[in-house]
Amino acid sequence: MLSGRILTPNGWITGSIDFDQRIHHITEDSNADGALTILPGFVDLHVHGAAGVDIMQGGDAGATVARAHARHGTTAMLGTTMTATDNSIRRALRGLAPVIAERPAGAARMLGVHLEGPFLSIHRLGAQPADAVAVGSMDLVRDYHALAPIRAMTLATEVADHLALIPQLNELGIRVQIGHSNGTYEDGVAALKAGAAGFTHLYNGMTALNHYKPGIVGAALAHAEYAEIIPDLEHVAPGAIRAALRAIPRLYGVTDATAATGMPDGEYALGSQRVYKCLGCVRLATGSLAGSVLTMDQALRNFVSLGLELADASNRLSLYPADYLGETERGRLAPGAWADIVVLNAELQPVAVFIEGEAVDLSIN
C-alpha cells in the first residue's frame, strides 16, 4: 500500500492505493501524508536504446533497454527499430520477441514494436540511413509481424503505394504514423482519411508549416487527435511545443531515446550509424540531431517547466499513449488496472517505481 497525493481518472485525491499485480482499491483519506506524488507509470512509444545498448543489436538488448528506462518511471514501452537491412530488422525483431512475450524482472513491459522504417522518404531521413530505405509491402510487413508484434509503424504515406497499405495495416492492429515524410498537407490529410492514426516525432522528419504550403506539420496541427513529440527542449523549441499543445488534443511525449541515454559523453551506435553524445544531445558526425538521451521523468519535468499542470503533463506521458494503443488497463490509476505506478518527491524525481506490482530497484546504475 502507498499513501500520498494520487492522480486518479477523476482527478487528484489524498489517500492510499492498495495493489498487488493490479490495483485493488484507491481510498481517499484527508489525513494521509500528501508529501509524495503518485502517478501512473509512463508509457513510451518510441525507444531505440539506453545504457549503451541499441534495440537493433538484437539478443538481450531489449531487456537491457527496458530495465534502464524502468528506473526512470517507464512502466510500458515499444521497442523501436531503425531503417536497416532486412536481415538487421529481422534480428532486432527476433531479439524483442521473447521480451514482449515475457517481461524480464525489473523491466518495463514491452508492449510490442514500433517499426520506424524502412518505409520512409529518402528526402526526410534525419538519422535514418539512406541505403536501407525500402518500399513497403504487406507481404514484408506480415513477415515482420510474425516475428514480433508490430503495434505502431512510421510510414511516409506519399511514397509509392503506401497510402493503400494503411487500411490493411489497421486490420493487423498496427497504428500507422505519418513520419519521415516529404508529403504535402494534402498528402497528410489523405493519409488521415485512409486511417493513419498519428504522427512520428512531430516537426522532426517532415515537411514544415508554411502559410502557403502547410506541409505535414500543418496537416497534424489542423487535423490530428494524436501525435508524438520529443519534449527534450532540443528537438522542438518550447514555443513550437506550446503551439502543438493547443492544436492537438492528445499530443503525447516520447523519448526517442538512444543507446547514449544514461551514459557519459562519447560515441554510440544508432542502428548502423555512429552517433555522438555531447552537451545533452545526440548527433551524427554532420551535426544533425539523432535521437535523444531523454528519459520520461525528465520529459515530465520539462512539460511542467513549460507551464503544464502536473496532471496534464502526466496524461501526456501515460494516459494518452496508452489510449493510443488501446491499452485500457495501463496509463491510469484505477481499480482493476495494472499496478504500474511511479512515486515522485517534491522535485518530481522518482523515489519508487512499480511495474505490474513489482518494485523496481532504483539504485542500479
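FYI, it's all coordinate maths here, none of it is from the lab. Predicted, not measured: the structure shown is a model, and the values here were computed from it. With ideal geometry, Cβ positions are generated from the backbone for all residues, glycine too; neighbour counts draw on all protein chains shown.
Taking the Cα atoms only, what angle lies between the long axis of helix 185-194 and the longest principal axis of the chain, rounded to 10 degrees?
Helix 185-194 sits roughly 70 degrees off the main axis of the chain.
Residues of the stretch 191-212 with the amide nitrogen closer than 12 Å to a label point 7 Å from the Cα of residue 170, along Cα-to-Cβ, please.
Under cut-off, by backbone N: 191-198.
Go through the stretch 121-131 residue by residue and turn each phi into a ³J(HN,Hα) via Karplus (6.51, -1.76, 1.60, θ = phi - 60°); whole Hz please, and just put x for glycine and proline.
So the J values, rounded to whole Hz, are 8, 5, 8, 9, 7, x, 8, 7, x, 6, 6.
Name the long-range amide H neighbours of residue 292: under 5 Å, sequence gap of 5 or more, or other chain; modelled H, no Pro or chain starts.
Residues meeting the amide H criterion: 257, 258.
Note down the net charge around residue 349, summing +1 for each Lys or Arg and -1 for each Asp or Glu among other residues with Cβ under 11 Å from its Cβ.
-1
What spacing in nm lies between the two simple spin-label points modelled at residue 122 and residue 265, each 7 Å away from Cα in the Cβ direction?
Result: 3.7 nm between the two label points.
Dividing the Cα convex hull volume of the stretch 43-163 by residue count, how many Å³ per residue is that?
Per residue, the Cα convex hull of the stretch 43-163 comes to 96 Å³.
So if each residue of separation counts as 0.36 nm, and I subtract the Cα-Cα distance between residue 286 and residue 60, what length gain in nm does that give? Kindly include the intermediate steps, with their values, before the conclusion.
Details: separation 226, 0.36 × 226 = 81.36 nm, distance 3.04 nm.
Here the answer is 78.3 nm.
Placing one identical point scatterer on every Cα of the stretch 184-254 and ignoring solvent, what is log10 I(q)/I(0) from the Debye formula at q = 0.11, 0.21, 0.28 Å⁻¹?
-0.22, -0.82, -1.41
At a 10 Å Cβ-Cβ cut-off, how would you order 184, 286, 295, 80, fewest neighbours first?
Ranking 184, 286, 295, 80 by Cβ neighbours within 10 Å, fewest first, gives 286, 184, 295, 80.
What does the convex hull of the Cα atoms of the stretch 1-83 come to per residue, in Å³, rounded to a whole number?
Taking only Cα atoms, the stretch 1-83 has a hull volume of 108 Å³ per residue.
How many percent of DSSP beta bridges within the stretch 41-329 run antiparallel, rounded to 5?
DSSP beta bridges in the stretch 41-329 are roughly 30 percent antiparallel.
Less than 13 Å Cβ to Cβ from residue 60, Lys/Arg counted +1 and Asp/Glu -1: what total charge do the surrounding residues give?
Net of charged neighbours comes to +1.
Taking amide H atoms as placed 1.01 Å from N in the peptide plane, list the residues 5 or more away in sequence, or in a different chain, whose amide H sits under 5 Å from that of residue 270.
275
Label residue 146 and residue 237 with points 7 Å out from Cα along Cα→Cβ: what is the distance between them in nm?
With each label point 7 Å from Cα toward Cβ, the separation is 4.9 nm.
Determine the calculated [θ] at 222 nm for the chain from helices alone, applying -39500 (n - 2.57) to every DSSP H run no shorter than 4 residues and normalising by the residue count; nearest 500 deg cm²/dmol.
Using -39500 (n - 2.57) per qualifying helix, the result is -8000 deg cm²/dmol.
Starting from the Cα of residue 27, step 7 Å along the direction of its Cβ; do the same at residue 328; then give the gap between the two resulting points in nm.
Here the answer is 2.8 nm between the modelled labels.
Quick one: dipole size for the stretch 214-324, taken about the Cα centre, charges +1 on Lys/Arg Cβ and -1 on Asp/Glu Cβ, in debye to the nearest 20.
Values: 8 positive and 11 negative charges, 39 e Å.
Taking the Cα centre of the stretch 214-324 as origin, the dipole is about 180 debye.
Taking each pair of distinct Cα atoms in the chain once, what is the resulting Kirkwood hydrodynamic radius in Å?
Across the chain, the inverse of the average 1/r is 20.3 Å.
Enumerate the calculated ³J(HN,Hα) couplings along the stretch 224-233 in order (Karplus 6.51 cos²θ - 1.76 cosθ + 1.60, θ = phi - 60°), each rounded to whole Hz, writing x wherever the residue is Gly or Pro.
6, 8, 10, 7, 8, 9, 9, x, 8, 6
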